[in-house]
Amino acid sequence: MSERRGEIQWLRAVAALEVVVVHSDLATKHIAPGSVLQGWYASLGGLGVEVFFVVSGFIMCMVASRAPGAGSFMLGRIRRVIPLCLLFTAVAALIHGLSARHLIAPAEITLDSLVRSGLALPQWPFPILGPTWTLEHEMIFYEIVALALLLGALTRPTKLALGILVAALGCVGAWLGPHPEVGVWTAHVASPYMLAFGFGWLLRCAEESALPGRLAIGAVCAAAVLLSLAAGEPWSLRLVLRISLATLLCAIVLSARRPLSAETPLNRLAWRLGDASFSLYLTHWFVLSASGKLAGILAIPPALALGVRLGVILLAVVIGLAAYRMIEMPLERFLRGGLPGRKPLPQVART
């Protein structure tokens, strides 16, 4: 039976929009020096990434519980992430190779960076299509869950233990810091971002528990935050606080399940955007970058910068929705029909 989780779709929609807003400076940088990251928002800009990670942890706790095995689970995750990552990485590489004026990659492309970027493998510093750095952390988290599934079915105690383990990896990452001697794989496996995945996973465990269990899980999360802040490197303190804020926000929104799952026009719009959030995340960089270059060529006056920013954000949303309908959905239907794997997930549990 399909399970309507409208509040999850709201979180995904808002997270995707927030990332687009933060990156909208790409659309105005050639006509106005101002940045959206000003004042109080300077410390919170990009919080959508942490929200995505918390939501991913929550959804994977549901998905992994229903998975028949590690192979099926991992195949579903690869099928969900890698084909689109490969496609849009190839587009970015093509643009990079056509003309330096249309540069979209942060550095010169090599075979190693092309393979790592397309397959979402850990690398320094950024992949060819910048925003896909988050997929490197996602895939590591999926691999940890798959390893747990290899050890047996996920019961309530083992799910709780896995959530604590993932959060503990985040604490270790906060302590290690981004030092040169820390290898790229170690820095991804033991990354502060694992706190977000672990907290999301534990939010789902709390949802399945009675009040005493929820209080205990809350205490575990609070202890992980305090430990990370106490033992963490200075660079990680802000990140740990952002993850804590994202987790709190997700917990609040998850508690509003009934009103956010009601059949209303606004909710339906948010659900559609939540469905398309992955396509929006992968395509928005192209839209914003191209629009910014065009605005500079047209010499649009700085007074129109705000209008340009808002218009391009709307354009990015429209193109993200179109990419979902015209690329992501057909590709997923093809892969589900042509490859073995799990049954289709409920619409709002897709990630």
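Where a number appears in this text, it was derived from the coordinates with a stated rule and is not lab data. What you see is a predicted model, and the numbers here were worked out from it, not measured in a lab. Don't worry about glycine lacking a Cβ; one is built from the backbone with ideal geometry, like all the others, and counts go over all protein chains shown.
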| Taking other Cβ within 10 Å of each residue's Cβ, how do MET62, MET329 sort, fewest first? | MET329, MET62
| Of THR28, LEU269, TRP40, farthest towards positive along the dipole that unit charges on Lys, Arg, Asp, Glu beta carbons give region 6-349 | LEU269
| request: Specify whether the C-alpha gyration tensor of region 202-351 places it in the rounded, prolate or oblate class, a ≥ b ≥ c being the square roots of the eigenvalues: rounded for a/c under 1.5, otherwise prolate if a/b is larger than b/c and oblate if not. | output: oblate
| Mean Cα-pair separation over length for the chain, i.e. relative contact order, pairs under 8 Å, 6 or more apart, % | 32
| task | Rank by packing, highest mean first: peptides 249-261, 23-35, with packing defined as the count of other Cβ atoms within 10 Å averaged across residues. | result | 23-35, 249-261
| said: Helix-only estimate, please: 222 nm mean residue ellipticity of the chain, summing -39500 (n - 2.57) across DSSP H runs of length 4 or more and dividing by its residues, to the nearest 500. | reply: -23000 deg cm²/dmol
| Which semi-axis lengths, in whole Å and largest first, follow from the square roots of five times the eigenvalues of the Cα gyration tensor of region 67-181? | 32, 19, 9
| field | Global geometry of the chain, whether rounded, prolate or oblate, following the gyration tensor of its Cα atoms and the 1.5 cut on a/c | value | rounded
| message | Using Cβ contacts closer than 10 Å as the measure, can you line up GLU328, GLU18 from fewest to most? | response | GLU18, GLU328
| Sparse-neighbour loop sites [GluC sites (Glu not before Pro); region 138-227; at most 13 other C-beta within 10 Å; DSSP] | GLU181
